[in-house]
Amino acid sequence: MIFSDLGLSEELLRAIADAGYSEPTPIQAEAIPYVLMGRDICGCAQTGTGKTASFTLPLIDILAAGRAKARMPRSLILEPTRELAAQVAESFDTYGKHSKLTKALLIGGENLNDQAKVLNKGVDVLIATPGRLIDMFERGHLLLNDVKVFVIDESDRMLDMGFIPDVERIAAMLPPFRTTLLFSATMPAAIRKLADKFLMNPREITVAPASSTASTIVQGLLMLDKTSDQAQGAEQKIKRQALRDLIRREAPRNALIFCNRKRDVDIVHRSLNRHEMEAARLHGDMAQSLRMETLEKFKNGEIKYMVCSDVAARGLDIPEMSHVFNFDVPTHAEDYVHRIGRTGRAGREGRALTLATAEDRKYLRAIEDIIGIPIPRLDQNTTTVQETNISNSGKAAENPLYFGQKRFTPSKKEKQNSREFHIVSKKVAKTKSTRTNRLEKKSKFNNDSSKTEGHDDNNAIVGMGDHIPAFMTRGPVSTS
Ligand code: AMP
């Protein structure tokens with residue numbers, strides 16, 4: 001399958017070629033023709049699968065004819081966070097470079113009057129976070145009667161962030177005859193209900209099983225000793241020391257370091273800088289302009305380490321991220337998937353290492369339940385995943401797992417998990433399901449190495465480096 005098979009305009013095909021994409025990813029191949037036909041889409045796809053282009057590309061062609069009236073955008077894309085909204089806006093710049101469409105970004109933290117002025121000029125594509133959109137609507141700066149295409153992106157994140165009532169309110173402001181595209185990394189019941197309510201006879205597309213982690217991510221878990229010293233903060237101090245040790249040993253090219261609380265983001269950030277590991281921080285309490293600036297510096301390599309809260313976990317597309325560290329085990333298991341999904345992107349290998357104490361066991365079990373495998377335990381003195389202790393052989397449960405300097409006997413559940421254990425590393429790529437292998441064999445997406453390797457610098461690929469991501473070669477599973 002090539003892009004010109006999908007029915008996109010010449011201008012778009014040129015922009016796609018400029019971006020260096022040779023073939024559509026599975027979600028693009030599946031979704032684009034249907035969006036162009038005006039069908040609703042219910043897409044179960046994670047970021048990193050090329051899903052943004054699967055709706056921005058056809059949207060640009062659909063909107064090519066016609067002009068926007070003042071305050072009446074012709075399409076609306078809802079994103080849960082300002083960072084994701086900004087990222088989608090960048091995609092429009094990349095793909096829409098040969099078209100004359102206008103776009104506006106409506107996100108919190110920016111000046112309302114400036115945004116109102118932009119809306120007044122008329123915009124074809126409005127990319128917004130729900131809160132700011134409702135605010136602007138209520139102030140009379142915006143009318144949604146002319147929206148032809150409505151995209152609800154990262155729906156499960158909207159759900160987590162409590163935005164679903166806002167999304168429902170917004171949908172009620174839109175004209176009934178429109179195309180609606182809903183994307184979600186997972187399909188919990190509440191999102192399925194939303195889809196049933198707002199989509200008409202949607203084309204259902206799934207490109208990766210919900211909550212799966214990329215096979216290119218090497219995961220590791222470092223269980224830390226609980227100290228006898230119960231003084232407040234002692235455990236945190238040990239964790240910070242362990243983090244620095246891990247960073248020194250791993251020598252990451254760049255890394256995101258996730259903390260559960262904003263307060264800890266600040267503390268870990270200060271601590272790393274004190275130890276001459278230059279780090280920036282990112283969390284929701286920071287001014288929007290500073291968040292954007294920090295992110296930009298991190299993306300272009302000016303900053304090596306970024307300590308952040310989950311605001312940075314979803315969707316951020318930094319193709320060459322070598323490491324993710326979880327300073328804290330996330331309390332929502334799905335956040336683990338999203339956090340570690342910031343590395344191992346675009347088919348590259350990434351490492352995701354998590355620090356944990358005995359108190360985190362409950363959360364670790366929940367995580368291991370959803371990812372379907374235990375996270376390999378790390379030896380505290382090396383960061384090598386203990387492939388000998390914990391192996392595929394089924395003997396894993398007989399070996400006590402490493403627990404700091406002590407050893408602990410795994411619980412019944414842990415034993416069971418260990419029996420099903422397989423190391424999450426490059427090796428997993430070899431243990432992919434027969435179905436995936438079959439689809440990969442069928443797909444020439446990855447097989448024609450002449451297309452994916454050794455292309456020249458003049459033909460730089462935007463966002464993906466010079467590598468066609470293996471996980472993008474998974475075939476779509478469509479129903480309906
Ligand atoms: P997304 O899932 O939308 O976050 O996209 C992830 C990355 O894939 C982005 O860096 C895109 O630039 C890149 N990408 C999107 N479509 C393609 C394609 N057809 N070929 C190669 N890279 C792509």
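Assuming R0 = 60 Å, can you tell me the calculated FRET efficiency for the pair E276 and N145, based on Cβ-Cβ distance, to the nearest 0.05? Kindly include the intermediate steps, with their values, before the conclusion.
Numbers: r = 57 Å, r/R0 = 0.95.
With a Förster radius of 60 Å, E is 0.60.
Residues with amide H under 5 Å of V218's amide H, sequence separation 5 or more or different chain, H placed in the peptide plane at 1.01 Å from N; which?
Those qualifying (amide H under 5 Å, at least 5 residues apart or on another chain) are G350, R351, A352.
Aspartates and glutamates near K69 by alpha-carbon distance under 16 Å, same-chain residues fewer than 8 away left out - which ones?
Excluding near neighbours in sequence, the set is D124, D146.
Can you give the extra length, in nm with one decimal, that the chain gains between K121 and D379 once fully stretched, where that is 0.36 nm per residue apart less the Cα-Cα distance? It would help to have the intermediate numbers written out before the result.
On the way: separation 258, 0.36 × 258 = 92.88 nm, distance 5.97 nm.
That works out to 86.9 nm of additional length.
Between A234 and A190, what is 0.36 nm times their sequence separation minus the Cα-Cα distance? Round to one decimal in nm.
Numbers: separation 44, 0.36 × 44 = 15.84 nm, distance 4.07 nm.
Result for the pair: 11.8 nm of gain on full extension.
List, in the order given, every pair from K121/K197; K97/K197; K148/K197; K262/K304; K299/K362; K51/K304 whose Cα-Cα distance in the structure shown is over 23 Å. It would help to have the intermediate numbers written out before the result.
Working: K121/K197 33 Å; K97/K197 35 Å; K148/K197 18 Å; K262/K304 20 Å; K299/K362 34 Å; K51/K304 27 Å.
Result: K121/K197; K97/K197; K299/K362; K51/K304 exceed 23 Å.
In the P(r) worked out for region 116-162, what percent of Cα pairs fall beyond 14 Å? Could you put the intermediate results ahead of the total?
Values: 619 of 1081 pairs.
When every Cα pair of region 116-162 is considered, 57 percent fall beyond 14 Å.
How long are the semi-axes of the equivalent ellipsoid of region 80-172, defined as square roots of 5 times the Cα gyration tensor eigenvalues? Whole Å, largest first. Kindly include the intermediate steps, with their values, before the conclusion.
Details: eigenvalues 79, 55, 33 Å².
Taking √(5λ) for each eigenvalue gives 20, 17, 13 Å, largest first.
Using the Cα atoms as the points, what is the convex hull volume per residue of region 282-329 in Å³? Could you put the intermediate results ahead of the total?
On the way: hull volume 3.9 nm³, N = 48.
Output value, Cα hull per residue: 82 Å³.
Using amide H atoms built 1.01 Å from N in the peptide plane, name the residues 5+ places from I303, or on other chains, whose amide H lies under 5 Å from its own.
Excluding prolines and chain starts, which carry no amide H, the hits are F298.
Just the Cα atoms of region 3-206: what Rg and Dmax do they give in Å?
15.7, 45
Between region 176-190 and region 4-81, how far is it from one alpha carbon centroid to the other, in angstrom?
About 15 Å separates the Cα centre of region 176-190 from the one of region 4-81.
Could I have the simple spin-label model distance between E90 and R67, label points 7 Å from Cα toward Cβ, reported in nm to one decimal?
It works out to 3.2 nm between the two label points.
V151's amide H: which non-local residues (gap 5+, or another chain) put their own amide H closer than 5 Å, with H modeled 1.01 Å from N in plane and none for Pro or chain starts?
Residues meeting the amide H criterion: L76, I77, L78, L181.
Could you run the Karplus curve 6.51 cos²θ - 1.76 cosθ + 1.60 with θ = phi - 60° over region 349-358 and give me ³J(HN,Hα) per residue in whole Hz, x for Gly and Pro?
After applying 6.51 cos²θ - 1.76 cosθ + 1.60, I find 7, x, 10, 10, 10, 10, 9, 8, 10, 4 Hz.
Bin width 5 Å, origin at 0, all Cα-Cα pairs of region 18-96: what percent of pairs per bin?
Histogram of Cα-Cα distances, whole percents per bin: 3, 12, 23, 27, 21, 9, 3, 0.
The numbers here are math on the coordinates, done by the rules we state, and not lab data. Computed from a predicted model, the values in this text were never measured in an experiment. Every residue, glycine among them, receives a Cβ derived from its backbone with ideal geometry; neighbour counts consider all protein chains shown.
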